[in-house]
Structures are given as structure tokens and as C-alpha cells.
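Student: Please find one structure pasted underneath; my questions will follow.
The values are calculated or read from the model by the stated rules, or taken from the named source; none is laboratory data. Since the model is a prediction, treat every value here as computed from it, not as a measurement. All Cβ positions, glycine included, derive from the backbone under ideal geometry; neighbour counts span all protein chains shown. Areas reflect the complete protein model, heavy atoms only, side chains present, ligands, DNA and RNA absent. Shrake-Rupley method; radii C 1.70, N 1.55, O 1.52, S 1.80 Å.
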Amino acid sequence: MSRVIVFGATGNLGAYIAMHLKSEGYDVIAVGGRKDDKGFFAKHGMKYYSVDIRKPESFEILPKEGIDAVCHFASSLPSRYAFNPIELFESITIGTLNVLDYMRSCGCKKIVFPQTPSDMAKFHNNGSVIPDEAPRHFPLKGDHAIYTIAKNAAVDLMEHYRAEYGIAFFALRFFTIYQYHPNAFHYCDFKRRMMPFRMLMDRASKSLPIEIWGNCKKAKEMVYIKDFVRLVRNCVDSDLPGGCYNVGNGWQVSLEEQIKGIIEVFSPENNKSQIIYRPEMPDPLENAFSMEKTFRDLKWTPKYSYLDQLRDFKHEMETEPMAGLWGTKDDYKE
């Protein structure tokens, strides 16, 4: 049985990763920055440790040997917190360096890491397919500039540790991984707002009209959490030296398809939201990943169609399976 540490196990992605790996028979150790996980992981047969990855001494409570892989999903996000460049560098770059040093000390030879797609920002919103491997860069302005610099530095560190110590790394590049979380809000351009897709779901559930702006045929990647965790597992099992891998479906969802799907799943059957087309307004975002390398190397393809994603999302919204860890939607009301 492989023994895996999940750093960031109390976060959006880390919690689902820990739960999936445990359900697949892995010996999972959950690590988070929270002092108290409310006993959530113990209820699911996992040990929980509170570790501040910014501080090397904080790692001393972790096992000293017998770790086969690390899933490192612990860091601050510009979409979840008010802007703090020092916090971003400490949690992402310094935190990753400390995780890598811990791995070296206990003989662990594999790490899975979330990379931002902003390292390929020049390929966004212009009809280009985003490659797996090209010179990394970063946007010069906006809330993702310093975040991307910190992420790129973390990947550089992993490349160094692979060359110097033989630690394989899998840097997974993705946009939003769609999943239910009771907190429907994030930070965009340094302001707290409801996430756009949650706002659309909310409007549809209330049978309110929904506007479609710009070119409704422009499409983007929409990957579901329960497909993503399967990819993480494949990285944990891989014998390859790793590298950077795109995370997409091999297909994209147009804005029109997004809205129609949300209305189909979330609007009451007898009172569907009306669609109002506004082609004179700004176009939506578009993006598409090159996926050949990921499909080939990691033996992974998604299982969830877009409508399957929405139906499962609604089910989790109603059942709140992570309430013991994250609370419920009532805890995040404005």
C-alpha cells in the first residue's frame, strides 16, 4: 500500500484528493494549516497534522521515512484572499522549498503540484491551443502577476530537485477545477465577489433571466473535481520523471452551452430562466489545452460530461459531504 502525504488537505482540492486516495486504498496522511480539522480526517481513517509549510521546524512532527509520494496543494490563492504578495511568496515558493527539503530528508521521490495556467498567459484568449511545454512567463499586471512569479519559481525548484536528488515532479496546469464548496465567493481584481458560475446557478435556481454576453460560441476548459482527483492518483502511480502537464478535457464548453446546461439542471422544471443574448457586450474568456501528452503519459481521460458535472455539483450542493470540514453554505452568507 502506497503511503501519501496530502499537503493542503483542508483546502478545496486537497480535501477531495485525500478522500479519493483513501477510498482507493492508499495510506493517506492529511496535512493542513488549520490547527483543528474538527476530527474530519480521523472519521475517514486518516491521521491529520497541522503544519505551517512556511516554517521548516513545523515539519518535525511528520513521519521521517516511508513516504512514497507527496501531493502538495498547500498555498495561498489570489482568488481566496485579499492581495498580499509576501504571503504568496512565503506560502508558494518558500513553502514548496520546505516541502522539497522534507521529502529529501525522508527519501520521498515524487511530488504532485498545482501550476497556474498564467505561466502560459500569451496563449490565452487569442485562439491558440495552450502547449504543455514552452518558455514560462507571467502577466505583467493584475492579481495573478506575483502569484504566477511565485508558482514559476516553485516549478524551477522542483526541476532543480529532480536533477539534483532524483525527485520526480508532476506540475499540473489547469484553470478552474469545478467543484462544490459552501463558500461561493472569491477575490477578483482584489475585490470579494460571488464566483460567476455560482452566480449563474443562483439566478437559474430563482428562474431569473440570464444574459449571454458577446460571442456565445467562444469556449473554455471545464474540468470536474472527480475527474481531477483520478489524474492526481495516476501521477502518484506513475514511474515517469514527470514534468508539466495540462489538465483539460480534450473538449471545451461554449458560453451558450454553459448557460443552457445551468438552466437545465438548476432552474425549476416548470419555470426555466429566460436567456437574453447580448452580442454587443464584451466576449467571454476562451481557452483550450493541448492534451496529447497528458492522455498518453498519464493514461487518463475524463469521465464526466458537462451535464454530468452540473448534476453531481447540484447533488453535493444539496448533501454537503464536506460540511464536517468546511461548514455549510449558511456559514458563508454575507
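Student: Out of region 266-287, which residues are among the hydrophobic types (A, V, I, L, M, F, W, C) and surrounded by 20 or more Cβ atoms within 10 Å (Cβ to Cβ)?
Tutor: Listed by number, the list holds a single entry, PHE266.
Student: With (1) free of Cβ contacts under 8 Å to residues at least 24 places away in the same chain; (2) of a type outside the set (Gly, Ala, Ser); (3) surrounded by fewer than 17 Cβ atoms within 10 Å (Cβ to Cβ) as the list, and PRO139 as the residue in question, which single condition is left unmet?
Tutor: Every listed condition holds for PRO139 apart from (3).
Student: Then there's this: Checking GLU87 against (1) surrounded by 14 or more Cβ atoms within 10 Å (Cβ to Cβ); (2) free of Cβ contacts under 8 Å to residues at least 40 places away in the same chain; (3) in contact with a strand residue (DSSP E or B) (Cβ under 8 Å, 6 or more places away or on another chain), which test does it fail?
Tutor: Just one mismatch for GLU87, condition (3).
Student: Another question, then. Please give the number of the condition GLU87 fails out of (1) of a type in the set (Asp, Glu); (2) farther than 26 Å from LYS226 by Cβ; (3) out of contact with any Phe, Trp or Tyr (no Cβ under 8 Å at 6 or more places or on another chain).
Tutor: (3)
Student: Let me ask something additional. For a quick check of your reading of the model, give me the residue pairs whose first member lies in region 42-55 and is of a type in the set (Gly, Ala, Ser), whose second is open to solvent by less than 30 Å² (accessible area, probe 1.4 Å), with beta-carbon atoms closer than 7 Å and at least 6 apart or on different chains.
Tutor: Sorted first by the residue in region 42-55, then by its partner, the pairs are SER50/GLY32.
Student: Additional query: Sort out for me the helices (runs of 4 or more DSSP H) sitting completely within region 272-334 that have 2 or more residues that are among the hydrophobic types (A, V, I, L, M, F, W, C), touching a Ser or Thr at 6+ places or on another chain (Cβ under 9 Å) and over 28 Å from TRP251 (Cα atoms).
Tutor: 323-326
Student: Select, from GLY107, GLY127, the only residue that is more than 20 Å from the chain's Cα centre (by Cα) and closer than 21 Å to ARG233 by Cα.
Tutor: GLY107
Student: Okay, next question. Give all pairs with beta carbons closer than 6 Å in which a residue from region 190-201 that is closer than 11 Å to ILE262 by Cα meets a residue that is part of a strand (DSSP E or B); count only pairs at least 6 apart in sequence or on separate chains.
Tutor: Close Cβ pairs (under 6 Å, with a partner that is part of a strand (DSSP E or B)) do not exist here.
Student: While we're on this one: Can you name the residue in region 39-71 that is within 23 Å of the chain's Cα centre (by Cα) and charged (D, E, K, R) and is also most open to solvent (accessible area, probe 1.4 Å) among such residues?
Tutor: LYS47
Student: Which residue out of ALA15, ALA74 is assigned to a helix (DSSP H, G or I) and crowded, with 16+ Cβ neighbours inside 10 Å? I'd like the intermediate steps shown before the answer.
Tutor: Working: ALA74 fails: assigned to a helix (DSSP H, G or I).
Only one candidate passes the filter, namely ALA15.
Student: Further question on the same structure: Given region 185-263, what strands (runs of 3 or more DSSP E) lie entirely inside it while holding 1 or more residues that are modelled with pLDDT under 95 and open to solvent by 10 Å² or more (accessible area, probe 1.4 Å)? Spell out the reasoning first.
Tutor: Working: elements: 185-188, 191-194, 210-213, 242-246.
Those strands (runs of 3 or more DSSP E) span 185-188, 191-194.
Student: List the number of the failed condition for ILE29; all other conditions in (1) part of a strand (DSSP E or B); (2) buried (at least 24 other Cβ atoms within 10 Å of the Cβ) hold.
Tutor: Single failed check for ILE29: (2).
Student: Inside region 293-329, can you point out the residues that are out of contact with any helix residue (DSSP H, G or I) (no Cβ under 9 Å at 6 or more places or on another chain), free of Cβ contacts under 8 Å to residues at least 40 places away in the same chain and not β-branched (Val, Ile, Thr)?
Tutor: Answer for region 293-329, where residues must be out of contact with any helix residue (DSSP H, G or I) (no Cβ under 9 Å at 6 or more places or on another chain), free of Cβ contacts under 8 Å to residues at least 40 places away in the same chain and not β-branched (Val, Ile, Thr): ARG296, SER305, HIS315, GLU318.
Student: Which of the residues that make up region 256-272 are out of contact with any Leu (no Cβ under 6 Å at 6 or more places or on another chain), in contact (Cβ under 8 Å) with a residue 24 or more places away in the chain and farther than 15 Å from LYS218 by Cβ?
Tutor: Correct list: ILE263, GLU264, PHE266, SER267, PRO268, ASN271, LYS272.
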